[in-house]
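Report on the following structure.
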Amino acid sequence: TYLFILTNHSMQFYRFFTLLLITTVLAACSHKPHTPGEEEPHREKLLITSYNSTFELFAEADPFVADHQSYILAHFTRLENFKPLGEGSVVISLLQEGGETVSGSAEPVSDGIYRIFLQPSAAGKGRLQFDIRTSEEVSQLIVSGIIVYDNAADAQQAAETEAHGGSNAVQFTKEQSWKIGF
């Protein structure tokens, strides 16, 4: 009788373990295969850098597409002390070769960080102009070579082509550099 109980108990454990193993294997193998166009694609940003005698600008922007809003997140660093712009207003303008201009006041997110949405109305070449006004000064940064595309697919493809410098890159944000005085 004792042998029968031990064997019956062992069989229950064996069946439980086998069922658990099969369930785990099936769950691990049950993912759907990747088919192109099924996932939300990664949206590459334009990385924009400019300097003048007072400021460094680092911005991330959605690729520019005619009749679509592009989000710009701009970081302004004072070159005299490598700290973020503490106070002031920023107007960002997209000036296109055909005379088209779109601009607006950027909203401060935190010290040194401003955001804005710009919606160009026509495709073509242009430049971004960043006008910074503080209680002490007025400064301007210009970024040439901005392209506004006819469609989002072309804009995204151009941004992806320009973006990848290497997979071994180390991310070091403006906020990190401001905190450590880099």
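The values are calculated or read from the model by the stated rules, or taken from the named source; none is laboratory data. Fair warning: this is a prediction, and the values are worked out from it, not measured in the lab. Cβ atoms come from the backbone with ideal geometry, glycine included; neighbour counts cover every protein chain shown. To get the accessible areas, we keep the full protein, side chains included, count just its heavy atoms, and leave off ligands, DNA and RNA. Shrake-Rupley method; radii C 1.70, N 1.55, O 1.52, S 1.80 Å.
List of remarks:
- The residues on offer are VAL90, VAL138, and the sole one that is open to solvent by less than 60 Å² (accessible area, probe 1.4 Å), out of contact with any Lys or Arg (no Cβ under 6 Å at 6 or more places or on another chain) and either over 18 Å from LEU46 (Cβ atoms) or aliphatic (A, V, I, L, M) (or both) is VAL90.
- Pairs linking a residue in the range 54-66 that is over 23 Å from GLU100 (Cα atoms) to a residue that is among the small types (Gly, Ala, Ser), with Cβ atoms under 9 Å and 6 or more positions apart or on different chains, are THR54/SER139; PHE55/SER139; GLU56/SER50; LEU57/SER50; LEU57/ALA74; PHE58/SER50; PHE58/ALA74.
- One residue from ILE113, ILE72 being modelled with pLDDT of 95 or more and in contact with a Pro (Cβ under 8 Å, 6 or more places away or on another chain): ILE113
- Taken over the range 93-107, the criterion of being farther than 20 Å from LYS45 by Cβ and either touching a strand residue (DSSP E or B) at 6+ places or on another chain (Cβ under 7 Å) or part of a strand (DSSP E or B) (or both) is satisfied by LEU95, GLN96, GLU97, GLY98, THR101, SER103, SER105.
- So VAL138, is it free of Cβ contacts under 8 Å to residues at least 12 places away in the same chain and in contact with an Asp or Glu (Cβ under 8 Å, 6 or more places away or on another chain): yes
- Residue match in the range 27-45 (condition: surrounded by 13 or more Cβ atoms within 10 Å (Cβ to Cβ) and either assigned to a strand (DSSP E or B) or at pLDDT 95 or above (or both)): no
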